[in-house]
Amino acid sequence: MPEDLLIIKGTKEDQYKNLVPQIAAIIEGETDLIANLANIAAALKEQFDWLWVGFYLVKNNELVVGPFQGPVACTRIKKGKGVCGTSWEQEKTLIIEDVEHFPGHISCSSLSKSEIVVPVIKNNEVVAVLDCDSSLLDDFDETDKFYLEEIIAGINFNE
Ligand code: SME
């Protein structure tokens, strides 16, 4: 795997186009799931410098926090609760322009203003979610959805 991440400036699309192959190279050939999730969270944090980026893993019918970058976060989230639990329940990516307008949003940091949550679906079941939080309002859009879903699709959850 490459030792250093090449970080670029430019449009959001440019940044993802530069980052996605690097993430693929980092996780390629590595079978340890936690190692791969940790490096994906680190790579996204390094490129985009969001407030919080990481994974919640489905364990015993609850989301439990997994590898992440950012401030300490709530440990467990139930299905249907918060943005993460709602994305899990609805099995779809949720883009929240202003977290204050999302009923039931779970605030792990008062600095968080907008959020995107992408479910990881394997064998027709949600096994995890990727959660990204920004300190800017309306920071996530369809471009993030497209590329984050592409990154998620490349993860092998079948170890
Ligand atoms: N805001 C999330 C909780 C997780 S933290 O933001 C890291 C939610 O509403 O589900």
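The values are calculated or read from the model by the stated rules, or taken from the named source; none is laboratory data. Since the structure is predicted, the reported quantities are computational estimates derived from the model, not experimental observations. Backbone-built Cβ (ideal geometry, glycine too); neighbour counts: all protein chains shown. With ligands, DNA and RNA removed, areas are computed over all heavy atoms of the protein, side chains included. Shrake-Rupley method; radii C 1.70, N 1.55, O 1.52, S 1.80 Å.
With R₀ set to 22 Å, the beta-carbon distance separating Asp4 from Ser135 gives a calculated FRET efficiency near 0.25. Quick check: net charge around Asp98, other residues with Cβ under 10 Å of its Cβ, Lys/Arg +1 and Asp/Glu -1? Net of charged neighbours comes to -3. Model label points for Asn18 and Phe157, set 7 angstrom from Cα along the Cα-to-Cβ axis, are 3.1 nm apart. Can you figure out the FRET efficiency of Glu125 with Asp49, using R₀ = 35 Å and their beta-carbon distance, to the nearest 0.05? For R0 = 35 Å, the calculated efficiency reads 0.60.
Classify the stretch 1-147: rounded, prolate or oblate, from the alpha-carbon gyration tensor (a ≥ b ≥ c, eigenvalue square roots; a/c under 1.5 rounded; otherwise prolate if a/b is larger than b/c)? Show your work: numbers first, answer last.
Details: a/c = 1.72, a/b = 1.22, b/c = 1.41.
It comes out oblate by the Cα gyration axes.
For the chain, a simple Cβ point-charge model (Lys and Arg +1, Asp and Glu -1, everything else neutral) yields a dipole of about 520 debye relative to the Cα centre.
Taking all protein chains together and a probe of 1.4 Å, list Val129, Val20 from the most accessible to the least accessible.
Details: Val129 0, Val20 20 Å².
Greatest to least solvent exposure: Val20, Val129.
Under 18 Å from a point 7 Å along the Cα-to-Cβ line of Thr11: which residues of the stretch 142-159 have their amide N that close? Only 142-148 fall inside the zone, counting backbone N under 18 Å.
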